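Here is the structure we will look at.
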Amino acid sequence: SQQGEEDPQALSIQEGENATMNCSYKTSINNLQWYRQNSGRGLVHLILIRSNEREKHSGRLRVTLDTSKKSSSLLITASRAADTASYFCATDDMNTGFQKLVFGTGTRLLVSP
Amino acid sequence: NAGVMQNPRHLVRRRGQEARLRCSPMKGHSHVYWYRQLPEEGLKFMVYLQKENIIDESGMPKERFSAEFPKEGPSILRIQQVVRGDSAAYFCASSLTNTVNTEAFFGQGTRLTVV
């Protein structure tokens with residue numbers, strides 16, 4: 001099964017609201033990354049959080065990592081219609097190294113004006 | 001500095017034909033990774049290559065699929081005798097190094113449709 005599982009699978013909110021997505025994984029990791037994918041497009045790297053970090057910020061994004069629970073969350077504050085996309089978490093595997101990123105199934109976010 | 005370039009963006013092949021997908025990594029990057037994304041799913045690792053070497057191909061189907069990254073030119077993912085189940089988006093990523101905590105940059109993908 002997938003290493004990363006995102007929750008919820010789909011999220012629909014209004015502009016200005018906050019959006020929170022969660023990701024769970026199974027193995028020990030060096031880092032966890034979040035990516036955004038607009039419909040039919042490529043992946044855009046959002047943020048990388050290392051296993052020894054607990055929280056990281058980038059603009060309107062806030063990522064947390066709890067290695068004891070093997071979970072991460074992505075918070076988008078003050079959402080905009082342009083944030084509408086699918087969001088994926090991806091982990092490496094400490095045993096096999098960086099090159100084999102394992103992606104979750106994604107959260108589809110819809111932000112309505 | 002151009003990003004990871006993949007071509008073609010869209011490719012339509014009839015069952016039994018060959019598909020060749022190309023990926024030019026970011027300038028200075030010698031590590032290339034191929035992933036496949038089926039509809040409504042996340043990306044799945046296929047193969048990791050460095051210049052002229054396949055490092056890890058554990059995610060690649062044993063038959064009909066091959067990948068190369070020659071000394072000169074782009075990385076190529078080749079799918080022979082395509083079947084409908086090969087229809088997917090194929091993404092290439094590159095990185096400067098393969099050490100942990102190194103960011104991978106993804107291309108726009110090639111969407112393969114087998115008819």
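A short reminder: the numbers here are calculations on the coordinates, not readings from a lab. These figures come from a predicted structure and were not determined experimentally. In this analysis, Cβ positions are derived from the backbone assuming ideal geometry, glycine residues included, and neighbour counts consider all displayed protein chains.
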Subject >> segment A:1-78: radius of gyration and largest Cα-Cα distance (Dmax), Å >> reply: 12.7, 36
Original post:
Any idea what Rg and Dmax come out to for segment B:38-90 if you just take the C-alpha atoms, in Å?
Top reply: 11.9, 35
Subject >> Cα pair count fraction exceeding 16 Å, expressed as % - segment B:9-50 >> reply: 56 percent
Subject >> Estimated FRET transfer efficiency (A:Glu53, A:Glu17; beta-carbon r; R0 30 Å; 0.05) >> reply: 0.70
Subject >> Antiparallel bridges, percent of DSSP beta bridges restricted to the protein assembly as shown (to nearest 5) >> reply: 90 percent
Original post:
In Å and whole numbers, how far do the C-alpha atoms of the protein assembly as shown stretch along each principal axis, longest first?
Top reply: 48, 37, 37
**OP:** Compute the label zone of B:Val12 within segment B:92-115: residues whose backbone N is under 12 Å from the point 7 Å along Cα-to-Cβ.
**Re:** B:113-115
**OP:** Within a 10 angstrom radius of each residue's Cβ in B:52-63, how many Cβ atoms of other chains show up on average? Whole number is fine.
**Re:** 1
Subject >> Lysine pairs meeting the criterion (Cα under 19 Å, 8 or more apart or interchain), as found in the protein assembly as shown >> reply: 14
Original post:
Based on Cβ point charges of +1 for Lys and Arg and -1 for Asp and Glu, what charge dipole magnitude is obtained for chain B about its Cα centre, in debye rounded to the nearest 20?
Top reply: 480 debye
**OP:** List the GluC sites (Glu not before Pro) within segment A:1-80 that fall in a DSSP loop (any state other than H, G, I, E or B) and whose Cβ has at most 16 other Cβ atoms within 10 Å.
**Re:** A:Glu15, A:Glu17, A:Glu53
Original post:
Can you give me the pair-distance distribution of segment B:15-115, C-alpha pairs, 5 Å bins, whole percents?
Top reply: 3, 14, 24, 27, 19, 10, 4, 1, 0
**OP:** Would you mind ranking B:Leu38, A:Leu11 so that the residue whose beta carbon has the fewest other beta carbons within 10 Å leads the list?
**Re:** B:Leu38, A:Leu11
Subject >> Model label zone, A:Asp66; criterion: amide N under 13 Å from point 7 Å along Cα-to-beta-carbon; scope segment A:12-44 >> reply: A:22-25
Subject >> Gyration tensor (Cα) of segment A:37-113, equivalent ellipsoid semi-axes in angstrom >> reply: 23, 16, 10
Original post:
In what order do A:Val111, A:Val44 fall by count of nearby beta-carbon atoms within 10 Å, going from fewest to most?
Top reply: A:Val44, A:Val111
Original post:
Most exposed first by the Cβ proxy, i.e. fewest other Cβ within 10 Å, how do A:His45, A:His57 rank?
Top reply: A:His57, A:His45
Subject >> segment A:57-113 - percent relative contact order, Cα under 8 Å, separation 6 or more >> reply: 30 percent
